[in-house]
Amino acid sequence: MAARAYWQGQIRLALVSIPVEIYPATKSGAAISFRQIHEPTGKPINYEKVVQGVGPVDRDEIVKGFEVSKGNFVLLEDKEIEAVKIESRKTLDLVQFVGREDIDVLYFEKPYYVVPADDLAEEAYVVLREALRAAGKIALGQLSVRGREQLVSLKPCGRGIVMETLRYADEVQKAQGFFRDIPDAKPDADLLDLATTLIDKKTAPFKPEEFHDRYIEALHRLIEKKSKAKGKTILEDVSAPAPRGGNVIDLMAALKKSVGSGGDTAKPAAKKAPAKKAAAKAPARKRA
């Protein structure tokens, strides 16, 4: 369990209050960040705050501004922004319950683990968990954290409860703008049957530990090699990308081939190189 809770307070359902602690369910992955370096000296590059036509400015001369029209800003002081922040409350009121499939996946943002704060809270916690499970519902509420309100959902997860922050409606782009030009046509029945067969063949339990970020792993290998190469340029072998366009895909043939091979996507074994032909006999040199 994380050493520091993201939020501590109580979940309230009508007259029942459940003391809980909430912890992040995710952590930063193995992402690699780069710094910009001045190559001649090998020193990192720093950035200065500058104003066009003025040059570098002091930090205490900087204020926050919101652009209301092109080039026109409303300037706000830190104390003005602080004054409108929502007071952090220690109660999460469950105000609505919805079906598990009623919330589009686009609205879910980040998961957290909700745990009872102490032994006395466990009974009410278990009751809430099992009631949500039996009803097949997700609880909704708004959590006040760090000066802003977050829309959140609660749902049972094994022996516990998971809270997920949700995006507000104005944070999600409507899908119609992206999918409008895609034809609403029914596929050929034979093609659909082959695709469904392929999906069935490739269906298996989800095991996240079997998936890795191959780009990050390759970067780690490159950095290790580069650190031993004393500045020598190292270019890893990269498979050539498949050509785009120009070829008409025979979808039926491709699906039949995939189903027949069990849907494997592994690369075929490399073909053996043909035997070298005997070198042609060089012509005799003419005598001078």
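Each residue in 26, 196 was given a count of other beta-carbon atoms within 10 angstrom of its own, and listing them fewest first yields 26, 196.
Packing, taken as the mean count of other beta carbons within 10 Å per residue, orders the peptides 203-210, 150-157, 252-259 from highest to lowest as 150-157, 252-259, 203-210. Close amide H pairs (under 5 Å, H built 1.01 Å from N) link residue 157 with 162, residues at least 5 positions away or on another chain.
The relative contact order of the range 30-129 comes to 9 percent, based on Cα pairs under 8 Å that sit 6 or more residues apart.
When the alpha carbon gyration tensor of the range 92-139 is reduced to an equivalent ellipsoid, the three semi-axes, largest first, read 22, 14, 9 Å. Taking chymotrypsin sites (Phe, Trp or Tyr not before Pro) across the range 150-186, the ones in a DSSP loop with at most 15 further Cβ atoms lying within 10 angstrom of their Cβ are 168.
Distances between every pair of Cα atoms in the range 65-154, grouped in 10 Å steps from 0 to the bin holding the largest one, split as 13, 32, 27, 16, 9, 3 percent. Going toward the positive end of the dipole of the range 1-121, with +1 on Lys and Arg Cβ and -1 on Asp and Glu Cβ, which of 114, 97, 44 do you reach last? Checked the options; the winner is 44. Of the trypsin sites (Lys or Arg not before Pro) found in the range 153-220, the ones in coil according to DSSP and having at most 16 other Cβ atoms within 10 Å of their Cβ are 159, 167, 174, 180, 202. Extent of the range 157-204 along its three principal axes (Cα atoms, max minus min coordinate, largest first): 43, 36, 12 Å.
Loop-located GluC sites (Glu not before Pro) across the range 60-103 with a Cβ neighbour count of 15 or fewer within 10 Å are 77, 87, 101, with loop assigned by DSSP.
Expressed as a fraction of 2.2 N^0.38 Å, the C-alpha radius of gyration for the range 14-90 is 1.91. Annotation: amide H-H contacts under 5 Å for residue 6 (H modelled 1.01 Å from N, sequence separation of 5 or more, or interchain): 22, 23.
Values quoted throughout were computed directly from the atomic coordinates according to the rules given, and no laboratory measurement underlies them. What you see is a predicted model, and the numbers here were worked out from it, not measured in a lab. Quick reminder, even Gly has a Cβ in these numbers, built from the backbone with ideal geometry, and neighbours come from all protein chains shown.
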